Structures are given as structure tokens and as C-alpha cells.
Amino acid sequence: MRRRLTVAILGVVIGTLLLTVAGSLLLVRRAAFSTAESELVPETDAIVTLLSTVSALTDQRVVRLLERAGAFDHIALVGVSPAGTVDHLASPLVPGALDVPALQQLRAVSGNVGNTVFVAHPVFLNTRQMRLLAPGIPPSDQAVLVVTRHVANPVNGVLYFLAVGGAVLVVGAVVAALLARRISAPLVRSVEATRQIAAGNLAARVPTSSRDDPELVELADAINTMSANLSRAHGLERQFLMSVSHELRTPLTSIRGYADAVAEGATTDVAGAIAVIGSEARRLERLVRDLLDLARLDARQFSLDMERVDCSDVVAAVAEGFRVEADTLGIEVLCPTPAGSGLWVDADPDRLGQVVANLIENALKFATDRVEAGAAAVGSWHVVWVVDDGPGIAADDLPHVFERHYRSDRVAARKAGAGLGLAIVAELAAAMGSVVDVDSPVVDGHGARMALWLQPRSAPAGGPLDHGRGEGGQPADSAPAVSPPWPAVG
């Protein structure tokens, strides 16, 4: 890569030099001819004036003297006949190079033929002057003074341009090599790091230097961030597998133990053993259901039966279903929002109930005495919320609570899970066009509140909405920044 960059940069330098030299030669040539012509016109006018006014001229010696003194190639009088023919033109001039009609109208003309610049100027001579200066011109012809000057070819300075171009090429080669090294070195480091990451070394990082270009530093930072995220995801996956293995092994061990005891007649409490087996089986069923839900959410192989529902009804029903389980834990489940509050939203009632159930189940793991679940109208939103009076969530953990397999070790939960419930909440909320957020601490440095924000709708005119598969609308970018009116748990 470094070689290709060096060759490419040198190619650009060489191309630029060739265009510059060619353009410079063309401009120098044009400037030389323009300068010579602009100088030759007034000099020719002066010579014409001299020839027309000086009567002491007796021969052409004065003309030869003017040629040498004025650095002219040639000074000669030619005749332009009434028919438009021109005689006695000196090489390299030819009659076609002169604007004969302009000369017949007594106007001076100028131009160049090759490297020779010329000026042709009509001149008035008396008979004696014509006989002395231009004896070969017939009296009927118009006398025209033609003055020529040779302009040096700018190609004669090519050696100078080549020397300058050679020096520029040497400097360009050095700069190209340094620049190619500066560009390719960080890319080589990035390639090496990505190869290590692909080989499984998630600790690989791309080193950066203060001399690297900002874009290359940004690339290195992106690769390093990707590596860190992959490492973190790998750790979460490993933790998830360990958690799921533990979650599966524990109930399976209980089921197998009680089943063997019943089969071998080692227990007299058959009903109790069967109850434990049923409880553990339901626990396994719930874990498998969570895994299947996440798989379907990822593949978008799930349906949303969107209806106009009163979210206060859903919250009240789900909260009531948790009271028995909460009583066994010594936790009070409250629902300050009465059913039928008219908080209408477009949602799948089953999926909305699943979201509320997961939030309450998560709150029961950490609550000390109470869990509250309710719904309210907040500004232009309807919000479903669940709040507990547990130890709260650390600030560093708040951005990650809805990530899959994430479990914080800072706060001991009453019952450890696989870290799937809140991830399912976030996925279902996004699918229904809503957003879920978390706030902690709530009061006096403890407690956590999770809220699902939904777009309010008017009361239904009758019938469900959009039965069948649906995506539920566009999800909100983030929860609105408003002061929540719901109560805090003390």
C-alpha cells in the first residue's frame, strides 16, 4: 500500500510538473511575441516618420544602420500594387501573412510568422526618396515599410525547467514517501488489530499517536470501541450462558430429585413433591418463553394485535395477579390508579400486560416493603409506571438496565434471573411505538421507577384496531423530560 501511495503521489507531482512546464512555455512564448510586437509597432512608426521627413537621405546606409541599432532582422520597403499583390517580401514572410486590404486603406498591420514578428506600415515617399530607397517599386504601387524581429524560442530554456523539475521531483519523492508512511502506518496497525479481533483476541487495540491524522485516529477509535463492545458482549454472553445454565440446572435438579423420590417411594408427601415439580416446571417454561420471545423479536416473527385499550385496566389487572406472590414475599403491591380511568392508547393488550408483568416482577426482586404500579397522563403522553422502595440502581448501571443479559452485582436481588425480562420490555416497547426509561433513586437515595411512555388516543368509537401483525407505529426517540405526577414510594 505504501508503494502504491508513493507512486500515486509521484504521478500527481509529475503530471502537475508537465502541465506546469507546458503551460509556462506557452505563456512565455505568448508573452515574448506580445512584448516584441508592442515594442516593434512604435519603433516602426518612428522609422516611417524618419523616412518621410528627412530629405538628406541619399542611399540605404541609414536603413542598414537602423537595422543594427534597433536589433531588427530586416527593414525593407515593399510595394503593394492596386491589384493587391505584394513584391519583394523577405523570408519567412509571405503575401498571405499580410492584411493587404488594410494596407491599401493605409492602416498598419502586425503579427508573426513562426518566431518572426513583423510590422507593415504604409509610408509616403517622394519620387527622389523612392528612387534612392526602393528603386524596384513601381511608382503606382503603395510603398510599405516592413520591419521584422526574431523572437528567441522559449524552448531554449527547457534545461532550466528540467533542472527545476528534477529538484521538485526529488522533494516530491521524499514528501510522498513520508506522507505514504504517515497514512499507511495507522492503517496497517488497524488491519493488524482487526485480524487479531477476528481471530478471537478481543483485547486487541489499535495504538494511536498525536501525529496521526484526525480521520485515522477516528478510525482507530471506532475499531477500539468495536473491540470493547465485542469484548463486553462476549462477557455478557458468557454470563448469560452461565445464568441460563444455572437457571435450567436448578429446577431440573429439583424435578429429577422429587421425581426419583416419588418413583422410588422415598417420600410420603407425594402431593408436595408434585407441587414442587409443577412449580419448577413452570419456572422452566417461563425461562424458555422469555428466550423464545427474544428470538421472535429479533426475527420480527411476532404479531401485534393493536387495539384501542385503557392502559389503566391492563395495569390494574396485572397488579392484582401479583398480589398472592407478593404476599408470600412480604411485599405489598399497590395500584393507586383505578381501572377505567380512560387512559386510552393503541397497543396490544397482551404485550402491554407482558411489559407491566415484567416490570413488576423485576421490582419484586429488589423491593423492601412496597411496589406500586399505575398509569397517568403526563403532558401530551400517557405513562405506565412501576416503582419500588428497594436500594435503587447505581448511576453507572442505569444506561444498561434494558440490555440483554445485563445483571448488576452491586445490589443483591431477592431472586436472580437470566437478565431477559427488561430486555423484552424494551423490545416490546419499541415494537409498539413507545419508549421505556428508568429513574433512580426516587426518594432519599433509594428506590427505582420504570416508566413506559405511550401516545394518548381518544376513546374508541367501537371495535379493535388493525388486528393481525403490525409494528405499532414509529417509536419515540426518548422519554419526554417532564416532572412525573405519580407518587414516590417512601
* Criterion violated by residue 221 - all others in (1) of a type in the set (D, E, K, R); (2) open to solvent by less than 90 Å² (accessible area, probe 1.4 Å); (3) at pLDDT below 85 satisfied -> (3)
* **Output for the range 319-336, where each listed residue is open to solvent by 30 Å² or more (accessible area, probe 1.4 Å) and part of a helix (DSSP H, G or I)** => 320, 321, 323, 324, 325, 327, 328, 329
* Taking into account only those residues within the range 78-112 that are open to solvent by 30 Å² or more (accessible area, probe 1.4 Å) and assigned to a strand (DSSP E or B), which is nearest to residue 153 (Cα to Cα)? -> 112
* Return a yes/no flag: does the range 195-214 have any residue that is part of a helix (DSSP H, G or I), of a type in the set (Gly, Ala, Ser) and within 24 Å of residue 9 (Cα to Cα). => no
* Asked: Is it true that residue 140 is assigned to a loop (DSSP other than H, G, I, E, B), open to solvent by 40 Å² or more (accessible area, probe 1.4 Å) and either among the polar types (S, T, N, Q) or within 21 Å of residue 48 (Cβ to Cβ) (or both)?
  -> yes
* What are the residues in the range 9-30 that are open to solvent by 50 Å² or more (accessible area, probe 1.4 Å) and either of a type in the set (Phe, Trp, Tyr) or free of Cβ contacts under 8 Å to residues at least 12 places away in the same chain (or both), if any? -> 12, 16, 18, 19, 20, 22, 26, 27, 30
* Does at least one position in the range 337-351 carry a residue that is of a type in the set (S, T, N, Q), modelled with pLDDT under 85, open to solvent by 20 Å² or more (accessible area, probe 1.4 Å) and under 24 Å from residue 382 (Cβ atoms)? -> no
* Matching residues in the range 383-400 - criterion: being open to solvent by less than 20 Å² (accessible area, probe 1.4 Å) and within 19 Å of residue 453 (Cα to Cα) -> 383, 384, 385, 386, 387, 388
* To do: State the number of residues belonging to the range 428-487 that are surrounded by 12 or more Cβ atoms within 10 Å (Cβ to Cβ), among the hydrophobic types (A, V, I, L, M, F, W, C), over 30 Å from residue 370 (Cβ atoms) and modelled with pLDDT of 50 or more.
  => 1
* Asked: So residue 316 fits all but one of (1) among the small types (Gly, Ala, Ser); (2) modelled with pLDDT under 90; (3) open to solvent by 20 Å² or more (accessible area, probe 1.4 Å); what number is the exception?
  -> (2)
* Asked: Just for the range 195-218: of the residues that are open to solvent by less than 70 Å² (accessible area, probe 1.4 Å) and in contact with a helix residue (DSSP H, G or I) (Cβ under 6 Å, 6 or more places away or on another chain), which one is modelled with the lowest pLDDT?
  -> 212
* Residues satisfying the stated conditions in the range 249-269, i.e. open to solvent by 60 Å² or more (accessible area, probe 1.4 Å) and in a helix (DSSP H, G or I) -> 249, 252, 253, 256, 258, 260, 263, 264
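The values are calculated or read from the model by the stated rules, or taken from the named source; none is laboratory data. Here the structure is a predicted model, which means the values were calculated and not measured. Because the Cβ atoms are built from the backbone with ideal geometry, glycine has one as well, and the counts that use them run over all protein chains shown. Surface accessibility is based on the protein's heavy atoms, side chains included, excluding ligands, DNA and RNA. Shrake-Rupley method; radii C 1.70, N 1.55, O 1.52, S 1.80 Å.
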